[in-house]
Structure formats: structure tokens, C-alpha cells
Amino acid sequence: MSNIRPKHVPVTQFPVRDDCLQVGGFALPRLAQRIGRTPFYAYDRQLITDRVAFLRRHLPEEIHLHYAMKANPMPAIVQHMAGLVDGVDVASGGEMKIALDTPISPEHISFAGPGKSDDELSCAIAAGIVVNMESEQEMERIACLADRLGIRPKVAVRVNPDFELKSSGMKMGGGAKQFGVDAEQVPSMLGRIGRLGLDFEGFHIFSGSQNLKVAAIQESHEKTIQLGIALAQHAPGAVRLLNIGGGFGVPYFPGDEPLDLGAVGENLRCLLPEAKRQLPQARVVIELGRYLVAEAGIYVCRVLERKKSREKIFLVTDGGLHHHLAASGNFGQVIRKNYPVVVGTKVRGNAREIVSVVGPLCTPLDLLADQMEMSQAEAGDLIVVFQSGAYGLTASPTAFLSHPPPVEVLV
Ligand SMILES: *Cc1c(COP(=O)(O)O)cnc(C)c1O
């Protein structure tokens, strides 16, 4: 085994001109001037378009692509995405409202997540979107609400599979979970769906997130399709929807390698004919959040002060954990690792040094880069955190310490 420290894969999606990062055709300082203040999140619309095209090239044509919008619910992004993907998956009444403002037709919007309120369910039923039911109690509530509204609700069963997605950053299926209905309980629930007269669409089987291992994703696709086919025998009608989840990961940390999407697509090409034979009416959906947006976004903050403490250099910035919890290492990571961070105004720089980038919060957790090599920065320089288009602003505790929130722009 080599003991060379692992590195970040180079971030190449944003061009560099005169040693300055370019975003959406703007040099970074010019974009900062246009926005008028730091910190901000900037998302590149062309990169999102390119990413969806890349998926279309590698996945079988029959696959329907959905955007799981909790990764980035900025309305401008969801609107842009609506012109590229086949559907949107929402996880709250607030997200549902944004999705319904897009041209995506309601039958291609689905609503998953535990703990849906009666108000949220009523709105979803009236909107005609598909409710992914997470429990039998939720099914009974939907039936009552639908009765009162006089509308036949579109429903799918979210299944908690009897297997786990291996090597997943976040497991969301297998074992005991708050998500979905245990696979062994699904047949009896399907009987009840028939008796209640709900408009049965199909199954939603999502087993985990942030996976970079092709073999694990391939295995999960195979088992998911098998499970869908097996459960379909108990369905009250034809299966019209088989959502096989997503979980495609992006490289955030040193040593992470990009997912081999070609191999994922090849495997699906082998699996789909059988799915089609057994479930001829089913559209097969893959739902992705971070894979569509994470690499198209950056977080930008400004160096306020360069400080030396006992031989270590700290760049004190106006941005931090309150805006970007994930980059600080406090959003579900067990061991803190650095996101790729650069000085956006001196990407290569003349002199390089090891520094820590910190924010203005009075806690040692407020750390955007810990002892990273970057070019020598001064007060006024702009620091860029890459891979920040997903689970950034809306996954951060913006009220903590009462600083103003960052701006978001889609360029
Ligand atoms: C969060 C979530 C996703 C998106 O996960 P990513 O890792 O961002 O792709 C997809 N489906 C469901 C059900 C989710 O809860």
C-alpha cells in the first residue's frame, strides 16, 4: 500500500483564465461585483444542461430521469431543470409548490417522505401528483382525505427493501427504517389499496445516497427490479411506475473517484428487457439529486483577514458553516474531510502554502478547509468551495449567529 496522501480529483468544469476562475462566462471578481456582495452561491446553468445530456447518453433511452429537488430547491434551478428532465420528486409542501410552478405535468411529480401532514396530502391529491406512501397509516389517511375532496388519489408504495445498498454514504433502505413500507408488508397493503379504490401507480424503491461504487449500484438495480417484479404479482392493477431510486454519488473528498456512469448504463441495458417483459406498462424512473447539480455549483466567500497563529496560517472569511454546513464537515460526515477549495482569484498562484480557511462564527467547527495547500491569499481574495450545488444553502443553519444569509444566482 502506498502511503501517499489521497488527492481530490481535479475540478475542471469551470475554466480558468489569467489564473482567475470563470463562472458562466464571468471572471469571478466581476461576478462578485455584479452580485454586489459576498458570500454567494453561483450555479452554472450550462453545466446542469450538460450533466443531464451526459446521463441521457449513458443511460438507456427508456429510463425516465427525475430531479429530487431537495438537493437544490432554488426556484430558478427547478425551472431550468423542468425543461431537461422527465419529472420532479418533492419531499414537502413547500417543494411541491415550487414544482407545480414549473411546466412539468403533475402526474410526473411525486411526493415522498415520512410525516406528511393532512394539509400537504390534501394539496397533493388535489394537484394530481403521485403520493409515495410511506406507511399503512398514511394510506388510510389519504383514503379519508380523498373521500372528503371527492378526488381519486394517485398513489405509489414506497418500499423499504429487504436488502441494503452497499458502500452508500447514507443508507435509506434495508433493516428497520422510518422510510417506506417493509417489503414483506407490501402484499397485504396492495390488497387494501385495491379495496380502497386508490389509483395505484406503482412502486418507489430508494435504498441510499452518495454512492460511487459501480458494483454496489449495479447490484442494487438488479435487486430493486426483481423486487418490483415480485411485488407486482400482488398489485391491484398494472404497474405503471417503477422508481428504482438513484443515489449516484459525486466526488467530494480526497481519494473519491467519479462514478463510472457508462458501466451503470450498460448494466441497466441488460436488466430492462426483463422488466419490460414482466411490467410492460411501467415507466422506469431514476431519481437523482446531487448528481444533477452538485458539480455545477460553487460557494464563494471573501478573505477578511490573514492571520498567523503559532506557525499556522488562517484565512478568516465572511463565509462559513452557517452557509455551507456540508463543507464544514458537519452534515452527516463521520470524519471531517476537505471539500475541494481554491483561491478563485489566484487559482495556481505564484507562491503556495498550507492554510486553514475559517468563518466568522465563534466555534472551532466553523472550518471550510483544514490545512489545505492553496495559493497564497490576502484580504480581498475570493475563496471558492467546489462541488457545492447540492445540500448547500438549504441544508445549512443560516440563523446560527445571526449573520445575513448568502445570495444565490443561476448564471
Ligand atoms: C434525498 C433523496 C434523493 C436524492 O438523493 P441524492 O443523493 O441527492 O441523489 C432521492 N430520492 C429520495 C427518496 C430522497 O429522499
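Residues considered: Gly202, Gly228. Of these, the only one that is part of a helix (DSSP H, G or I) and surrounded by 23 or more Cβ atoms within 10 Å (Cβ to Cβ) is Gly228. Between Thr49, Thr38, Thr102, the distinction of being assigned to a loop (DSSP other than H, G, I, E, B) and outside the structural domain of Ala146 (by TED's automatic domain parsing) belongs to Thr38 only. Looking at Asp101, Asp118, Asp89, just one residue is open to solvent by less than 50 Å² (accessible area, probe 1.4 Å) and at pLDDT 95 or above, and that residue is Asp89. Within this structure, Glu305 fails the test of being open to solvent by 20 Å² or more (accessible area, probe 1.4 Å), more than 18 Å from Pro10 (Cα to Cα), in contact with a strand residue (DSSP E or B) (Cβ under 7 Å, 6 or more places away or on another chain) and in a loop (DSSP other than H, G, I, E, B).
No other residue among Phe179, Phe200 is under 25 Å from the mean Cα position of the chain (by Cα) and of a type in the set (Phe, Trp, Tyr) apart from Phe179. Of all residues in the range 14-35, those satisfying the criterion of being loosely packed, with under 15 Cβ neighbours inside 10 Å and in a loop (DSSP other than H, G, I, E, B) are Pro15, Asp18, Asp19, Gly25. Residues in the range 272-289 that are open to solvent by 30 Å² or more (accessible area, probe 1.4 Å) and under 18 Å from Phe206 (Cα atoms): Arg283 only. Just to be sure, is Leu55 more than 27 Å from Ala351 (Cα to Cα), within 14 Å of the ligand (Cβ to nearest atom) and assigned to a strand (DSSP E or B)? Judged against the criteria, Leu55 is not a match.
Go through the residues of the range 255-272 one by one and say whether even a single one is under 30 Å from Arg336 (Cα atoms), of a type in the set (Gly, Ala, Ser), within 13 Å of the ligand (Cβ to nearest atom) and touching a residue at least 40 places away in the same chain (Cβ under 8 Å). No, that holds for no residue. Within the bounds of the range 345-366, is there any residue that is open to solvent by 70 Å² or more (accessible area, probe 1.4 Å), among the small types (Gly, Ala, Ser) and not in a loop (DSSP other than H, G, I, E, B)? No, there is no match, as no residue in the range 345-366 is open to solvent by 70 Å² or more (accessible area, probe 1.4 Å), among the small types (Gly, Ala, Ser) and not in a loop (DSSP other than H, G, I, E, B). Of the candidates Gly150, Gly174, the single residue that is more than 16 Å from the ligand (Cβ to nearest atom) and assigned by TED's automatic domain parsing to the domain that holds Met81 is Gly150.
Let's see how each residue does on (1) more than 22 Å from Thr12 (Cα to Cα); (2) not hydrophobic (A, V, I, L, M, F, W, C):
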residue: Phe40; (1), (2): no, no
residue: Arg51; (1), (2): no, yes
residue: Leu55; (1), (2): no, no
residue: Glu61; (1), (2): yes, yes
residue: Pro73; (1), (2): yes, yes
residue: Ile77; (1), (2): no, no
residue: Val88; (1), (2): yes, no
residue: Ile109; (1), (2): yes, no
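If only residues of the range 369-411 that are out of contact with any strand residue (DSSP E or B) (no Cβ under 7 Å at 6 or more places or on another chain) and aromatic (Phe, Trp, Tyr) are counted, the one that is least open to solvent (accessible area, probe 1.4 Å) is Tyr391.
The values are calculated or read from the model by the stated rules, or taken from the named source; none is laboratory data. All of these numbers come straight from a predicted model, not from anything done at the bench. Reconstructed Cβ throughout: ideal geometry from the backbone, glycine too, with neighbour counts over all protein chains shown. We work out accessible area using only protein heavy atoms, side chains counted, and drop any ligands, DNA or RNA first. Shrake-Rupley method; radii C 1.70, N 1.55, O 1.52, S 1.80 Å.
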